[in-house]
Every structure is written in structure tokens, then in C-alpha cells.
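The values are calculated or read from the model by the stated rules, or taken from the named source; none is laboratory data. The model shown is predicted, which means the values in this text are computed figures rather than measured ones. All Cβ positions, even for glycine, are placed from backbone atoms using ideal geometry, and neighbour counts span all protein chains on display. Remember, those area values only see protein heavy atoms, side chains included, never the ligands or the DNA or RNA. Shrake-Rupley method; radii C 1.70, N 1.55, O 1.52, S 1.80 Å.
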Amino acid sequence: MRNDNMVAMILAGGRGSRLLDLTKKVAKPAVYFGGKYRIIDFPLSNCSNSGVSIVGVLTQYESVLLNSYVARDHHWGLDAKDSGVFVLPPREKDETGFGLYRGTADAITQNLDFLDQMEADYVLVLSGDHIYKMDYAKMLSAHKAANAECTIAVLAVPIKEASRFGIMNTDENDLIVEFEEKPAKPKSNLASMGIYIFNYRTLRKYLTADEKDSNSNHDFGKDVIPAFLRDGKRCLAYRFKGYWKDVGTIDSLWEANMDLLNPENELDLSDPQWKIYTEDAMIYPQYIGEEAVVENAYITQGVLVEGTVRNSVLFTSVQVKKDAQVIDSVIMPGAVIGEGAKVTRCIVADNVKIEPGAVVGNKDSEHIELIANKKVKKEA
């Protein structure tokens, strides 16, 4: 099934400051994940698998690498006739001058001409920094069946955590009757996933009005969706069941990688029925030395292990030298763990060299340590 009249718009312009040095020169959606992937591979692959053939990627901060990466639309099978991935940075316009996207809604508003050109009937709005698998075609079918103007994907969360999210209160038909942004006393546990489907003609009218509102935050959650509800528009809560993770912090990025080590993990990156596509490196296979110890590890191509690896994720071309130990850690592409070094509960950034004998991380630390200095020496 192909949904050529539904255009996806991936919001990929956030600073990602909570990922610290990982996003100092790289946009958050371009950060590595799961051995050989980047975070943005997930929404792009979901689009491809769902039959969504036109995808706009709205970029902003530190976007050079991300722009060049997503422009290679053949990785996700989005290079056929009448399909493609389009990079959409903020542009200079006569009526607005040049500026950054002011909010999630403004990012779409600045690209209404693109949606007009694509003759969109429906607009699918996605975040570029979530890890999950989702069939957007099923969500669109539910949207049409409910005769909705807006459909919001929701995830049931523990009620004690509901105050951290935008919460949807619904009737018996899952039509939204109230939206509460991070309520102190939540009435339900249906949390917004930041995934929306809109009827384009209706959305265009609301975005045009929002653009002229000097008091608006130009945000979907704060402004546009509450306006839909105030005006009595039919808004559906689409219940998603499956793995979903916002990897906006060092701890959550580590946790999502660690989830891959669980044999019952719902994400399952080896599932042939719902592939996650990426730029696959043409490189030699992994090599595990005769004296190496590997227990519960996720290891990709090009990895060399001569030491000990336990409960860890090793990305492309990582080297773990003789007598080195990697415990409960995520080691990103090209990093080298020197002979006799020990790494515990860390994310080691790409191409970092942990020199022989160096010790980083702490098994008792409450938070995960990010090692981003290109060379880490043994303490004197």
C-alpha cells in the first residue's frame, strides 16, 4: 500500500544540547545508534515501510552532515519516481526575512509552499530523534475511519510518570476531549508521542492564523492542537503499542542501546518484516580473538575484540585491545580501547582513543559518563 497523498515532515532541527559533546558539531538526528545506524534512520525507514514516498526533513542546527546524509534517499528506497527525501532548512522570504524556525508549527508553516507543490491531502508530522518502529499507513487508516481532522499517536505510560508528558484525555471512542501539557494531576496516562496526522487543508488554515498571532509559541502542543480542540475539530488519539524511546539525553541514549541486548526487546533490528535501512559500510567482518571474552554483546561489522566485552554495544570498526575491558558500555564507530584499559558504564564517542591502561567510568555512578575527548590517557 502506498500513501502518495500523505507527505511526511520530519522535525530534525533541535539543538540536542542534553546530548552534550555528541551534538556539538552534529545534529541530534544524525547521532549514531545501535551499532551501525543513525537516529534518523528510524523515521525514514518507517516512512519507506509504510508507503510514504515523499518526505521533507526540516533541519536547522549543525545540519551539514545531516543534510548530506538524508539527501542519499536511495538508502531508504525513497529514490523511485514520484518519491524522494527533501532537505528543508529555514529560508529567507520576503515577508518574514531570514530566521530560524520559531517552533514546531512554524517549521511546517515556513514550508507550506513545499506541501502545496506536493499536493498533500494529509501531513504526517514526525520527530527526528525517536527510536521506534511504526506503520503510519495503519495510523492513517484509523484517521480516515474516525473522520478526524487531526490524529495524535499516544503511548500508555505509568500514571506516576504521566505528569512529564502532554496527556490526552479521551471519550469512549478515543476522540480527544482535552489536552493537558505536563499536568500536575493527570486524568489519564495517554502520552503524546509527538506524531501527528493532519488533514492538510484544515492544518493550512490554522498555521496561517498561528503565524499572525504575536502571542503564539508557534508550537503544535502549545498552540495548534489546543486551537483544534477549542474549535471542536475531531481529534483522534491513536494508541501505539510497541517500543518507543526519546533519546534526548546521554542516559536515555545509553538505555536504548542497552535495550538491544535484551532478547525480548520489541525493537528487534534484525526483523526482516520491518527493516531499518541505513548507509551500510563496505568493511571487513568482525573479528573475535582466541583469548577474547564476549558475553551478552551487540557487535557489528569491522569490530576487533581481543579483550573482554560484557553487556555492551560495539559500533562499526571499534577495537578492543588485549586485556582491555568494556563493561556495560556503548562504544561508537572507530573508537579504540587500548591494551589493559577499562571502560565501565560509559558512552565512548566516535573515533575516541582510550590509551593503554586508562580507566574511565564507574559501575556505581548514577548517570552514564560520556567520553568525548579524542584521546584519553592513563592517569599518572
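For the reader, a short list of remarks on this structure follows.
- Heavy-atom accessible surface of the chain: percent carbon and sulfur, 1.4 Å: 45 percent
- Contact order normalised by residue count of the chain, Cα under 8 Å, 6+ apart, percent: 14 percent
- Cross-link table K138/K187; K144/K222; K222/K275; K185/K245; K185/K205, entries beyond 31 Å C-alpha to C-alpha: K222/K275; K185/K205
- In the distance distribution for the stretch 291-380, Cα-Cα pairs more than 20 Å apart total 19 percent.
- Cα gyration tensor shape for the stretch 61-171, rounded if a/c is under 1.5, else prolate or oblate: prolate
- Applying the criteria of a DSSP loop state and at most 14 other Cβ atoms within 10 Å to the trypsin sites (Lys or Arg not before Pro) of the stretch 217-249 yields K241.
- Stretch gain in nm, segment S252-Y287, where the contour uses 0.36 nm per residue and the Cα spacing is subtracted: 9.7 nm
- Taking amide H as placed 1.01 Å from N in the peptide plane, I195 has its amide H under 5 Å from the amide H of A153, each at least 5 places away in sequence or on another chain.
- Computed over protein heavy atoms with a 1.4 Å probe, the accessible surface of the chain works out to 47 Å² per residue.
- Qualifying GluC sites (Glu not before Pro) in the stretch 136-219, where qualification requires a DSSP coil assignment and no more than 15 other C-beta atoms within 10 Å, comprise E172.
- The stretch 280-299 residues near the modelled K322 label - backbone nitrogen below 13 Å, point 7 Å along Cα→Cβ: 289-292
- From the Kirkwood radius over Cα pairs of the stretch 222-380, Stokes-Einstein at 10 °C and 1.306 mPa s returns a whole-number translational diffusion coefficient of 91 µm²/s.
- Convex hull of the stretch 188-310 built on C-alpha atoms - directionally averaged projected area, nm²: 12.8 nm²
- Computed over the stretch 266-319, the percent of Cα pairs more than 15 Å apart is 54.
- Among beta bridges that DSSP assigns inside the chain, antiparallel share in %, nearest 5: 30 percent
- Taking label points 7 Å from Cα along the Cα-to-Cβ direction, W274 and K24 give a separation of 3.7 nm.
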